[in-house]
1. Which ranges mark the strands (runs of 3 or more DSSP E) fully within segment B:1-64 that have 3 or more residues being away from chain A (no Cβ under 14 Å) and touching a residue at least 60 places away in the same chain (Cβ under 8 Å)?
2. Condition test on B:Phe47, is it among the hydrophobic types (A, V, I, L, M, F, W, C), crowded, with 16+ Cβ neighbours inside 10 Å, farther than 23 Å from A:Gly41 by Cα and modelled with pLDDT of 90 or more?
3. Hey, among the residues in segment A:1-42 that are surrounded by fewer than 13 Cβ atoms within 10 Å (Cβ to Cβ) and within 25 Å of B:Phe103 (Cβ to Cβ), which one's modelled with the lowest pLDDT?
4. Would you be able to say whether some residue in segment A:48-55 is over 28 Å from B:Gly105 (Cβ atoms) and either free of Cβ contacts under 8 Å to residues at least 12 places away in the same chain or hydrophobic (A, V, I, L, M, F, W, C) (or both)?
5. Taking the conditions exactly as written (charged (D, E, K, R), surrounded by 14 or more Cβ atoms within 10 Å (Cβ to Cβ) and under 10 Å from the mean Cα position of the chain (by Cα)), does A:Asp49 satisfy them or not?
6. I'm told B:Glu75 meets every condition in (1) part of a loop (DSSP other than H, G, I, E, B); (2) more than 14 Å from chain A (Cβ to nearest Cβ); (3) touching a Gly at 6+ places or on another chain (Cβ under 9 Å); (4) farther than 14 Å from B:Lys13 by Cβ except one. Can you identify the failing condition by its number?
7. What are the residues in segment B:78-106 that are part of a helix (DSSP H, G or I) and either surrounded by 19 or more Cβ atoms within 10 Å (Cβ to Cβ) or at pLDDT below 95 (or both), if any?
8. Condition first: surrounded by fewer than 19 Cβ atoms within 10 Å (Cβ to Cβ), within 23 Å of A:Phe46 (Cα to Cα) and over 12 Å from the mean Cα position of the chain (by Cα). Can you find one or more residues in segment B:14-25 that meet it?
Amino acid sequence: GESVGLHLPTLSVQEGDNSIINCAYSNSASDYFIWYKQESGKGPQFIIDIRSNMDKRQGQRVTVLLNKTVKHLSLQIAATQPGDSAVYFCAETKGGGSYIPTFGRGTSLIVHP
Amino acid sequence: ETGVTQSPTHLIKTRGQQVTLRCSSQSGHNTVSWYQQALGQGPQFIFQYYREEENGRGNFPPRFSGLQFPNYSSELNVNALELDDSALYLCASSLKGAATEAFFGQGTRLTVV
């Protein structure tokens, strides 16, 4: 069946370091992969997405890498800041005008000053 | 802030009761999705509404029902509440057929006792 999962439940880094959050998926038919950030007491916030026909996409301080061969997705955060501390979710969805993402469990990122 | 507002923010109900949660979507967004997020888990898709019609449903029983109004606001109704219904309920608005970027509200924390 479809599943989206994460390798590590918690990631601790020092301020200024680069962070890498990993995600495995199993649905080869997904068209989009999305990363969300969820701070305590708030709803998920869109960070970046990537289409299945791409292998890399960059945003502001973030880069998403997609490896379809091994069904792996990663989010890289450059120069991690204390404000980046949150739970990060990857999600996958089909396209075609329908956006119904399947979320993974999440990785908690803790940034130490 | 995302422009998506949910009410109430917290709610305590007794097992067997019924509850209605409300969501006002971001201006211009015509699609509303509802998610259930248990503690320590990723959001699970309940259903999606587009132009007042259900546009997809997750693996939730019929006692979970919804409505979307002409102004695109939405309600989630849950009948015969069970203890396991205790969770954060999230609403997300988006444009159908547009990008994967959905905007989430802050959620309603429902506790069933």
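1. Filter on segment B:1-64 gives B:10-13.
2. no
3. Checking each candidate, the answer is A:Glu2.
4. Within segment A:48-55 (the criterion being over 28 Å from B:Gly105 (Cβ atoms) and either free of Cβ contacts under 8 Å to residues at least 12 places away in the same chain or hydrophobic (A, V, I, L, M, F, W, C) (or both)), the answer is yes, since at least one residue qualifies.
5. yes
6. (1)
7. Initially, segment B:78-106 is screened for residues part of a helix (DSSP H, G or I), giving B:83-85.
Passing the criteria: only B:Asp85.
8. no
The values are calculated or read from the model by the stated rules, or taken from the named source; none is laboratory data. Predicted, not measured: the structure shown is a model, and the values here were computed from it. Neighbour counts are summed over all protein chains in view; Cβ atoms, including those assigned to glycine, are modelled from backbone coordinates with ideal geometry.
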